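Report on the structure given below.
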Amino acid sequence: MSVDLNALLVFVKVVQKGSFAEAARALVMPRSTVSQRISELEERLGARLLQRTTRTLSVTDEGRIYYDHCARILGELDEADREVTSLQQEPRGLLRITVPACTPLLARVFADFLRRYREVKLDVLYTDRFVDLVEESYDIALRAGRLPDSTLMARSIGVLPYRLVASPRYLAERGRPRTPQDLATHAALVFEVGPSPRAWRLTQGKVTREVTMSPVLSANELDVLIEAALAGVGIANVPAHRSTDHVRLKRLEHVLPGWEALSVPMHALYPSVRHLSPKVRAMLDHLQSIKKAPWFFPDDRVAPKRAVKSAK
């Protein structure tokens, strides 16, 4: 048996106003329509809800019971409307986001977001596997590198620069590379993420050189490579923000500072722009703000004392 919510609204309004005429005025509809809706409702229920004469209107016992339930149902619908509407006005609720496992520094980004938006709760999944946003009910995915063809929407949040670094001890023992080709004779520490992690591509102005490395250590965990570099094992190619403090404290040095190492584009992906919730929109805007964050995209390149002449 289907329920006509409009009929329930008319019935509740008649009881509240105490007359068909006042209910019709409040609902902005003809009095005859109000009377017809009540008659149809009573016919469907097989019960008299209202006793009416030319002068008075009273609610039957059945009508009182039905009114109590209808008023509660309509009140809950109004509350649902108010809650959904408020969700579209202020960021609130649970936001699920997945990010690459190699970006622990994003914890600072999320902490800043939570301090700003007190009504939002975050569920963050750090993983390098492909996460289906729709299938697994995630709101946003942060992806590094080139984007595959997809129906997802994408918003750029910056380009993550990489740096070649090694310890002073290693460079003293093995010598300092002067050209990209010199890297082939050095011990490489390779971050095994992406389509071609062992092909180190470097640029100097319009000149590009690519060197295929044979690693002494390859890992999909950056901390392992950083520790190996600090121990003097070899030269690591890592995101700049992971080596900045070590370079500042002279525990690591930039290798081939006149050359630009790999830079990886980063994007925030989300399913659709239609009815984008405030919490998702707020996080997308917040993620874009880290483009200007020196602690995440550091411009820490050390300019060489003289230009590197050879690009062979």
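Modelled label-to-label distance, Glu90 and Thr53, 7 Å Cα→beta-carbon offset: nm? The answer from the label model is 5.3 nm.
Please state the relative contact order of the chain as a whole percent: Cα pairs under 8 Å, 6+ residues apart?
Result for the chain is 20 percent.
Spatially, the range 22-40 and the range 191-224 are offset by 76 Å when compared through their Cα centroids.
Kirkwood hydrodynamic radius computed over the chain comes to 24.8 Å, based on all pairs of distinct alpha carbons. Peptide packing: for 22-30, 71-79, 180-188, the average count of neighbouring Cβ atoms within 10 Å per residue gives the ranking 180-188, 22-30, 71-79, highest mean first.
Among beta bridges identified by DSSP and lying wholly in the chain, the antiparallel ones come to about 65 percent. Set the Förster radius R0 to 35 Å, insert the Cβ-Cβ distance between Glu22 and Asp78 as r into 1/(1 + (r/R0)^6), and round the FRET efficiency to 0.05. The calculated FRET efficiency here is 0.95. The relative contact order of the range 210-293, computed from alpha carbon pairs under 8 Å that lie at least 6 residues apart in sequence, is 16 percent. Summing Lys and Arg as +1 and Asp and Glu as -1 over all other residues whose Cβ lies under 14 Å from the Cβ of Thr127 gives a net charge of -2. Between Thr185 and Arg44, the simple spin-label model (points 7 angstrom out along Cα→Cβ) gives 8.9 nm. With no solvent and one equal point scatterer placed on each C-alpha of the range 5-87, evaluate the Debye formula and give log10 I(q)/I(0) for q = 0.13, 0.17, 0.23 Å⁻¹, two decimals. Debye intensities relative to I(0), on a log10 scale: -0.42, -0.67, -1.11. Checking every one of the GluC sites (Glu not before Pro) in the range 195-256 against DSSP loop status and a limit of 14 other Cβ atoms within 10 Å picks out Glu221.
Across q = 0.10, 0.16 Å⁻¹, the range 159-263 modelled as identical point scatterers on its alpha-carbon atoms has Debye log10 I(q)/I(0) values of -0.22, -0.60, in the order of the q list. Size of the range 204-292 from its Cα atoms: along the principal axes, largest to smallest, the extents are 52, 32, 25 Å.
Throughout, read-outs are computed from the coordinates displayed, never taken from laboratory work. Values in this document were obtained by computation on a predicted structure and should not be read as measured data. In this analysis, Cβ positions are derived from the backbone assuming ideal geometry, glycine residues included, and neighbour counts consider all displayed protein chains.
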